Amino acid sequence: MTKTDPQKASSSWVWTLFIISAFVFVSTVFISGWTSTGPTFFPTYEVNPTITRLLPTVLQVPSIDWELSFPIVAVLLICVCLRFIRSTNSSRFVMKLILLFLATRYFTWRTVVTLNFSHPASIVFSLTIYILEVISFFSCCLYTLQTIWSTSKLRSAEANQYSQAVLSTQYLPSVDVLVPTYNEPDYIVRRTVIGCQAMEYLNKTIYILDDTRRPHIKELAEELGCEYITRPDNTHAKAGNLNNALKYIGGELIVPIDADFVPFKNFLTRTVGFFQNPETSLVQTPQYFYNPDYHARNLGLENFLPNDLEHFYGLQQSNRDVGNSVICCGSSYVVRRSCLDAIGGYYTRCCVEDFQTSLRMLTHGFRLIFLNEVLSTGESTRTYTDYIDQRLRWLQGNFQVYFCGDDIPIWSKLNWIQKSYSISQLIYCFQSVFRAVFILAPLCSAYLGISPFIATLPEILYYFMPFWLLHIAIYGWASNYRVSYFWNEVYETIFCFPALKRLSLIIRNPFAKASRATRKGVKADRKNYNFNHTLPLIILLALSGLIIGLHLFGVQLGVWLTLDESSGVLIFWLFYNVLFMGVAILSAIDQPIRRTMDRFPLKTTCKITAKDQVFLGYTQNLSESGARVVLITSDVALNTSIVEVTFVEYGFSIQAEIVRFFVKKDKFGIALQFIQLETEQQRKLVEVLYTEMTWWKQRKKPGNLDSFLAMIASTIQARSLLNWYD
């Protein structure tokens, strides 16, 4: 039997009693402060203005209804028109100027007439919210200006032109394809190497960079016919692994492909041609994913929602390209070897190497470009914990660069456009602070009774709503509806409190130890509720529900006065936060992951041979390990469990075992598991599934309204919470 440590048990009881005592004390003080104005710590008449404000003439709200509603109606008409206006550089310029005008109009009103100076507590609370809003306003203006111009069409046209020399073999520089691996399962590394070998380019060499010195990975390299490089230690993680490989390779161009990514066959033909221009140092392509990330899968929206990185890769990288501020993203890019040597190789001081290496290249005056074409797919994080771990590592790495001024002289070497992106990136590192305040502000206001700003409902409708509605509409429209403002709110809510915890650490010690690599090939037999990360959101959700109930039921029962306009705005703000916290909590409930291989909805003709019987059919889905086949032959009577599957359109066959029978709409079907796969058969499967842009890999475009309705539906259904599994 294990013995309980008396000291630990005593400490646990002390903390429990302390928390209970503190809760009772705060509750008593809170309840004793209630007056007829509501369930608040301070009586609202003490901490909020009690007289009608006199607004300056230029900021007075119209008293006539149609004049009051004109800005909102005008913006709504613009939002409708956006559905029929293509997002181009010119149209974005016009729309963003309108947005900047509305933002300036709102912030002028916010600055001049809405601050609450009625009480010392009101001053502190109101100014705190306002100062953070000033920073947010500055960041919003920067973001608006930075996302006007895009190079997407220009780069695709250049790729069409440059690729001709590559396709005709007039320009074929030597290319070294590096596949760094740390802890990925064999089948993932195998898939990546096969995909790299399938790239349509003659002058290339594939290297596996094994940072865990695994004999079976070396055997895999020999089996597949690629090179193998390892090293005696793991110094500087991935950056050290890549730098070690630079000692043994001599290609003119280097293509790092993460071990969980698979390039398309045309990856090199679309990218290498750019290096005919001697000024080109690096070509980055988007990172796209063949599996849904954790939140879409957990909510049952895997066929609807894009990955949360689509905003960055689908829009921002092309915007950055205009000002030569493209970020290298660690995989699916091509870099000129001589430029990499000129900066001393990959940067090793930070916990990630990609963003930092590209910044060093920019400070040396090199040209980085972004080709906004999906030319590879990778594995997205499959669980909430892996997502948080990965994004925390990125956050820390992005924050560390601002403490590396001797190696990365951002403020002295970059031009003013590039510096503006560095400022935006720095502000974004603190996005969790702004999100936390946005979540906590209405709660503090509701419990304390202090309004963070003083405004009537007509003023909010006149000044704030037009700006907010147009911001929501343009956010999705500018990216061709590949991203949604509302789902971005969910992501920031999900990440908020784990990021705050990490920020508190890295502000004290930016170079504190971080995790090395994201887990891949994850499997799980049961749900995981992840309470350790979502507990703050659960507590805040409960507190929000409690105060909303106290307000509404109290008014209904006549315990305190009817809600005024400011209370109505506060209740709306609380409900808004409740919605996004609810979605964030539900999306963090990981559903079981039982399949090792992802299945794709490929429908292709196949022939099933069972001894002397032959049946025709088509696949409903296909993976590297099995298939689901519908047979179209009548009078099916299989007399064996082992069959041969021939994929007619692709010209290869595989032996398989029947694991299950099914009937669909009067058609007989079988579920197959492949057996005794040979290397060439695996090559065929990988090429069919991963190396082409097929219809199920097309970028999703859910739109703003559909995304919002899907979010509401997922909250009501609570699928991730209510689903049960055997």
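Every number in this text was worked out from the coordinates using simple rules, so none of it is lab data. Remember, it's a predicted structure, so these values are computed and weren't measured experimentally. For neighbour counting, all protein chains shown are included, and Cβ atoms are generated from backbone atoms with ideal geometry for every residue, glycine included.
Relative contact order for the chain: what percent, with Cα pairs under 8 Å and sequence separation of 6 or more?
Here the relative contact order equals 16 percent.
How far is it, in nm, from the label point at Thr596 to the one at Phe304 when both lie 7 Å from their Cα along the line to the Cβ?
Going from the Thr596 label point to the Phe304 one covers 3.3 nm.
Near Lys238, which aspartates and glutamates are there with a Cα under 12 Å away, not counting those fewer than 8 places off in the same chain?
Excluding near neighbours in sequence, the set is Asp210, Asp211, Asp258, Glu353, Asp354.
Lysines near Lys667 by alpha-carbon distance under 18 Å, same-chain residues fewer than 8 away left out - which ones?
Of all the lysines, those that pass the test against Lys667 - Cα under 18 Å, at least 8 places apart if same chain - are Lys603, Lys607.
What do you get for GluC sites (Glu not before Pro) in segment 672-726 restricted to DSSP loop and a cutoff of at most 12 other Cβ within 10 Å of the site's Cβ?
The qualifying sites are Glu678, Glu692.
For segment 656-666, in order, what is each residue's ³J(HN,Hα) by Karplus, 6.51 cos²θ - 1.76 cosθ + 1.60 with θ = phi - 60°, in whole Hz (x at glycine and Pro)?
Those phi angles translate into 8, 10, 7, 9, 6, 10, 8, 10, 9, 6, 6 Hz.
Stretch Leu145-Cys81 to full length: gain in nm at 0.36 nm per residue minus the Cα-Cα span? Spell out each step's value before the answer.
Numbers: separation 64, 0.36 × 64 = 23.04 nm, distance 2.16 nm.
Taking Leu145 through Cys81 to full extension adds about 20.9 nm, to one decimal.
So, in nm, how far is label Ile131 from label Trp695 when the simple model puts each one 7 Å beyond its Cα toward the Cβ?
Modelled inter-label distance: 5.7 nm.
Please compute the Cα-Cα pair-distance distribution of segment 152-382 with 5 Å bins starting at 0, giving whole percents from short to long.
1, 7, 14, 19, 20, 18, 12, 7, 2, 0
For the chain, what proportion of DSSP beta bridges, expressed in % and rounded to the nearest 5, is antiparallel?
Roughly 70 percent of the DSSP beta bridges within the chain come out antiparallel.
Just check segment 505-617 against the gyration tensor rule for me: Cα atoms, a ≥ b ≥ c as the square roots of the eigenvalues, rounded for a/c under 1.5, and otherwise prolate or oblate depending on whether a/b exceeds b/c.
Values: a/c = 3.98, a/b = 1.91, b/c = 2.08.
Oblate is the answer for segment 505-617, as a/c is 1.5 or above yet b/c matches or exceeds a/b.
Going by alpha carbons, how many degrees (0 to 90, nearest 10) lie between the helix axis of 215-224 and the longest principal axis of the chain?
60
Any idea how far apart Glu644 and Asn183 come out in nm if each label point goes 7 Å out from Cα toward Cβ?
That separation, rounded to one decimal, is 4.3 nm.
Treating each Cα of segment 99-250 as an identical point scatterer and ignoring solvent, apply the Debye formula and state log10 I(q)/I(0) at q = 0.08, 0.16, 0.19, 0.20 Å⁻¹.
-0.55, -0.92, -1.12, -1.17
Lysines within cross-link reach of Lys265: Cα-Cα under 20 Å, excluding same-chain residues under 8 positions apart?
Lys204, Lys684, Lys697
Could you tell me how many degrees, from 0 to 90 and to the nearest 10, lie between the Cα long axis of helix 65-82 and the main elongation axis, the longest principal axis, of the Cα atoms of the chain?
Helix 65-82 sits roughly 0 degrees off the main axis of the chain.
Work out, in µm²/s and without decimals, the Stokes-Einstein translational diffusion coefficient of segment 221-327 at 37 °C, 0.692 mPa s, Rh from Kirkwood over C-alpha pairs.
190
Report the extension gain between Ser36 and Asp233 in nm, rounded to one decimal, defined as 0.36 nm multiplied by the number of residues separating them, less their alpha carbon distance.
Details: separation 197, 0.36 × 197 = 70.92 nm, distance 6.94 nm.
Gain in length upon complete extension: 64.0 nm.
Based on the alpha-carbon gyration tensor of segment 605-693 and its eigenvalue square roots a ≥ b ≥ c, which shape applies: rounded if a/c is under 1.5, prolate if not and a/b is larger than b/c, or oblate?
The shape class here is prolate.
If you average 1/r across every pair of different Cα atoms in segment 313-427 and take the reciprocal, what Kirkwood value do you get, in Å?
The Cα-based Kirkwood calculation yields 15.0 Å.
For the pair Tyr428 and Thr604, what calculated FRET efficiency results from E = 1/(1 + (r/R0)^6), where r is the Cβ-Cβ distance and R0 = 45 Å, to the nearest 0.05?
Working: r = 44 Å, r/R0 = 0.97.
According to the calculation, E is roughly 0.55.
Just to confirm the number: angle between the C-alpha axis of helix 565-587 and the first principal axis of the chain, 0 to 90 degrees, nearest 10?
Between the helix axis and the principal axis of the chain, the angle is about 20 degrees.
Suppose we flag chymotrypsin sites (Phe, Trp or Tyr not before Pro) only when DSSP calls them loop and at most 11 other Cβ atoms lie within 10 Å. Which is the longest uninterrupted stretch of the chain?
249-723
Please get the size of the charge dipole for the chain, origin at its Cα centre, with Cβ charges of +1 on Lys and Arg and -1 on Asp and Glu, quoted in debye to the nearest 20.
140
Kindly give Rg over Rh for the chain, based on alpha-carbon atoms, with the Kirkwood expression for the hydrodynamic radius.
In the chain, Rg relative to Rh is 1.00.
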